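Just below is one structure, and these are the notes that go with it.
The values are calculated or read from the model by the stated rules, or taken from the named source; none is laboratory data. Computed from a predicted structure; not experimentally measured. In this analysis, Cβ positions are derived from the backbone assuming ideal geometry, glycine residues included, and neighbour counts consider all displayed protein chains. To get the accessible areas, we keep the full protein, side chains included, count just its heavy atoms, and leave off ligands, DNA and RNA. Shrake-Rupley method; radii C 1.70, N 1.55, O 1.52, S 1.80 Å.
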Amino acid sequence: MRRNYKLRVALVVGARPNFMKAAPLLIQAKKFPEIKFTLIHTDQHYDYKMSKVFFDELGIPEPDIHLGVKSDFHSEKLGRMAKALEKAFREQKTDLVMVLGDTNSTLAGAIGASAVGQKVAHVEAGLRSYDRRMPEEINRVVVDHLSCLLLTSEKSGEEHLVAEGVSPTKIKFVGNLMIENLINSLPKIKQCEIVSQKKLLNKEYVVTTIHRQENVDDPKILNRILKTLKDVSMNIKIVMPLHPGTRKKIIDFGFTKYLKYFTCLDPLGYFEFIKLVKCSAGVITDSGGIQEETSYLGITCCTIRDNTERPVTLTQGTNKLFPLVNLNTESLLAHINNKNGRKSPLIPFWDAGVSLRIFNELQKLY
Ligand code: UD1
């Protein structure tokens, strides 16, 4: 029998960074029984270590629907996800589709919803790198312009959206959901023993993650990054949890010779990864979310990218950009060794109240 809920929301997840944002929402949802959440997993990420582990750790319930979309081609996978989501939204008769961040699953959710005329709410709206080489930037722009509720994580979000002609009435500054998940997880992270298990010494290693298409798809660029990291490893140990996509590229391009310079790990669970970061001397990454998590934790972050869509991590956090043109060992080490300004900064609405603010906005829809 169909219960009389006041609002039916389809929450779309699919790739690793979506799961950390879904967790606080689904915890908060228990306090709002009049809102029905249907969790839909596109299976963009399908390895246990890229997906299920986060459900287990963060207490995310088993998805109501798994789409199991598979394809080796970017746009085919995107199209299949959007088609399968459209079908699911039709069948579920939801009132609102909620999408998170900037992954291909986020875009597929917004396209599938628009195909059936459903409203879209976008969590982490308005972030911009203005770099169209990144699929994530295209996803951000398209999803924002298909959304009627734009939930921003930092102040720059509203400025970008207004400049693009989005009505300010659609934009709500609610804060950073990923940071709420981090705050919720701190007790479990504290108990985690990965640092001693891997025989690492506090503040005597750097954590590195590289997976972005613009850094790993071109052998010249990937070679340059790996060579620089090898040089860094002559000064400080590098611990590298390897994304399966990056591992594949390293093998395909014949770059496995570099791996002996690093402590390579499989992708880690959330608690282990954050514990590793918290005890490190610094992080070298091209991830989006890690720029935010390090800023919150007061851990130095070197971002191997020309730009960031999260400027607050540069102005109020611990992040510094290292564009490829002048990427060098000395400047990376100088930022890691610079002990100034490493306090956890207080960035507005990067707190434990984000999911509640989102639910307050959802309540205004009925
Ligand atoms: C995706 C997101 C990115 C996010 C990252 C985190 C997009 C456009 N990008 O990038 O924003 O930072 O996730 O992890 O959505 N693969 C596996 N096993 C998996 C998942 C992926 O082997 O469980 C392989 C895929 O088959 C593919 C490659 O890794 O060949 C890249 O995966 P894809 O989902 O295209 O993008 P990510 O690099 O993971």
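Couple of notes before you dig in:
- For the range 165-183, taking the residues that are among the hydrophobic types (A, V, I, L, M, F, W, C) and farther than 17 Å from Gly126 by Cα, the one that is surrounded by the fewest Cβ atoms within 10 Å (Cβ to Cβ) is identified as Ile183.
- Listed here are the helices (runs of 4 or more DSSP H) enclosed by the range 173-237 that have at least 3 residues being polar (S, T, N, Q): 177-191, 219-233.
- Pro17 satisfies every condition listed in (1) open to solvent by less than 20 Å² (accessible area, probe 1.4 Å); (2) within 16 Å of the ligand (Cβ to nearest atom) except (1).
- Annotation note: Cβ proximity below 7 Å between a residue of the range 59-78 that is hydroxyl-bearing (Ser, Thr, Tyr) and a residue that is open to solvent by 90 Å² or more (accessible area, probe 1.4 Å) (sequence gap 6+ or interchain) occurs for Ser71/Arg80.
- Taking the criterion of being over 21 Å from Leu268 (Cα atoms) and either near the ligand (Cβ under 10 Å from one of its atoms) or loosely packed, with under 12 Cβ neighbours inside 10 Å (or both), the residues of the range 61-80 that qualify are Gly68, Lys70, Ser71, Asp72, Phe73, His74, Ser75, Lys77, Leu78.
- Test: residue in the range 218-234 that is outside the structural domain of Arg132 (by TED's automatic domain parsing), within 30 Å of Arg128 (Cβ to Cβ), open to solvent by less than 20 Å² (accessible area, probe 1.4 Å) and touching a His at 6+ places or on another chain (Cβ under 8 Å): no
- Only a single item in (1) among the charged types (D, E, K, R); (2) within 13 Å of the ligand (Cβ to nearest atom); (3) free of Cβ contacts under 8 Å to residues at least 12 places away in the same chain is not met by Glu124, and it is number (3).
- Within the range 161-203, tally of residues that are closer than 21 Å to Asp144 by Cβ and free of Cβ contacts under 8 Å to residues at least 60 places away in the same chain: 11
- Residue in the range 348-357 that is over 23 Å from Ile238 (Cβ atoms), among the charged types (D, E, K, R) and open to solvent by 20 Å² or more (accessible area, probe 1.4 Å) present: yes
- Qualifying residue in the range 135-145 (condition: open to solvent by 10 Å² or more (accessible area, probe 1.4 Å), farther than 21 Å from His211 by Cβ, out of contact with any Gly (no Cβ under 9 Å at 6 or more places or on another chain) and within 14 Å of the ligand (Cβ to nearest atom)): yes
- Residue in the range 31-41 that is modelled with pLDDT of 95 or more, open to solvent by less than 50 Å² (accessible area, probe 1.4 Å) and within 16 Å of the ligand (Cβ to nearest atom) present: yes
- Residue in the range 46-60 that is more than 21 Å from Ile358 (Cβ to Cβ), more than 14 Å from the ligand (Cβ to nearest atom) and not hydrophobic (A, V, I, L, M, F, W, C) present: yes
- Filter result (within 12 Å of Val207 (Cβ to Cβ), touching a helix residue (DSSP H, G or I) at 6+ places or on another chain (Cβ under 8 Å) and not hydrophobic (A, V, I, L, M, F, W, C)) within the range 220-241: Pro241
- A count restricted to the range 182-204 and to residues that are within 23 Å of the chain's Cα centre (by Cα) and not hydrophobic (A, V, I, L, M, F, W, C) stands at 5.
- Selection status of Val116, away from the ligand (no atom under 15 Å from the Cβ), more than 23 Å from Ala10 (Cα to Cα) and open to solvent by 10 Å² or more (accessible area, probe 1.4 Å): no
- Residue within the range 189-204 that is within 26 Å of Phe73 (Cβ to Cβ) and of a type in the set (A, V, I, L, M, F, W, C) present: no
- The residues of the range 47-104 that are farther than 27 Å from Arg128 by Cβ, at pLDDT below 95 and of a type in the set (Ser, Thr, Tyr), listed by number, are Ser71, Thr94.
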